1. For Ser28 and Arg122, FRET efficiency with R0 = 45 Å and r from the beta-carbon atoms, rounded to 0.05?
2. Quick check for you: with a 1.4 Å probe and neighbouring chains kept, what is the accessible area per residue of segment 125-268, in Å²?
3. Run the reach check for Lys224 against aspartates and glutamates, Cα to Cα strictly under 16 Å, same-chain hits fewer than 8 apart removed. What comes back?
4. For segment 133-268, state the average projected area of the convex hull of the C-alpha atoms over all orientations, rounded to one decimal in nm².
5. Can you bin segment 116-175 into rounded, prolate or oblate? Criterion: square roots of the alpha carbon gyration tensor eigenvalues sorted a ≥ b ≥ c, rounded for a/c under 1.5, prolate for a/b above b/c, oblate for the rest.
6. Sort out for me the Cα centre separation of segment 161-197 from segment 29-62, rounded to whole Å.
7. Give the aspartates and glutamates whose C-alpha is closer than 12 Å to that of Lys68, dropping any in the same chain fewer than 8 places away, or say none.
8. Of the heavy-atom accessible surface of segment 108-230 (probe 1.4 angstrom), what whole percent is carbon and sulfur?
Amino acid sequence: MSPRAACPWLLALGLSPGLAQAEACLSSAETELERLYCQVVEQGGGQGLPSQSDFRRNAPQVQALLLKRPAQRLGLTLPQPSTPTPAPNTSAISAQKAAPTGPEPSASPSLKGCRLSGEQIRCPNRSFQLALNQPNGNLGPGVLDADNRLGLSLFSGDHSDEQAVRRYLSQAYDRYIPKMLEIGLGANTMSFTAFHNAFHTLEAGGVDFASRMEQTFQLLKQDKQTLAVQARYHQDLPRDLGQCEPVNPAVIVCDNVATNWVFVHRPR
């Protein structure tokens, strides 16, 4: 195994990398949270943390959640997660551009007749409310237990077959979003673009995507048991329904690549 291939496993086991590796980690860090990650690992507090490349694939809010407990143990200050600047006229789920006002012809056909209204998406027969992070008291029984698994299937196709990869990731994402809602982290979800990029980065590095996502899900559950989370981290909202796509009849996901929003139908 090459040194580069071994590094993620050293970090995951909490072993301190050499000085050169620590410097390389810090030199490649682009945010305060990424720099804190390097500090935590260098000081031997990286038990259970994902590799540096995997860490980067998480939203800043998830990064902060992963780092909060090890940073506290080491007496390090956790910076406030910031929201990246959205890319204009782009959507990770819907590739169409949306009209800024009036009717929304670029919205998904399955959202025909729906309107985005602040923190709600109002459709002819039902409404969807923006999902926030939930305190543990609002969660279902046993959802934070060790036996509650993300349960993504393994990818067994050809990595060069983008259509096969897209089908696999669409199915995996349709499971990932409800499972994040289940553990009360609706405001901490990855966009489909980040999900897609994580798959290619991990698989290209010889790491099974489904297994690594499972590890991350288990870490989030563990931290959720002991750490409080904010209901939300910013007041931004989707620009229009051109950024949105249903995951299932009860869940709609919107994104502008930088930010992900989940809207949930809750029967009255």
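1. Details: r = 44 Å, r/R0 = 0.98.
After rounding to 0.05, the efficiency reads 0.50.
2. Per residue, segment 125-268 has an accessible area of 45 Å².
3. Asp145, Asp147, Glu182, Glu214
4. Numbers: hull surface 37.4 nm².
The number I arrive at for segment 133-268 is 9.3 nm².
5. Details: a/c = 3.54, a/b = 1.32, b/c = 2.69.
It comes out oblate by the Cα gyration axes.
6. Spelled out, the Cα-based centre of one part sits 21 Å from the other.
7. Asp223
8. Percent of accessible area from carbon and sulfur atoms in segment 108-230: 48.
The values are calculated or read from the model by the stated rules, or taken from the named source; none is laboratory data. Every value quoted in this text rests on a predicted model; they were computed, and no experiment measured them. Here the Cβ is made from the backbone with ideal geometry for all residues, glycine too, and neighbour counts use every protein chain on show. Accessible surface is based on the protein model in full, side chains and every heavy atom, while ligands, DNA and RNA are left aside. Shrake-Rupley method; radii C 1.70, N 1.55, O 1.52, S 1.80 Å.
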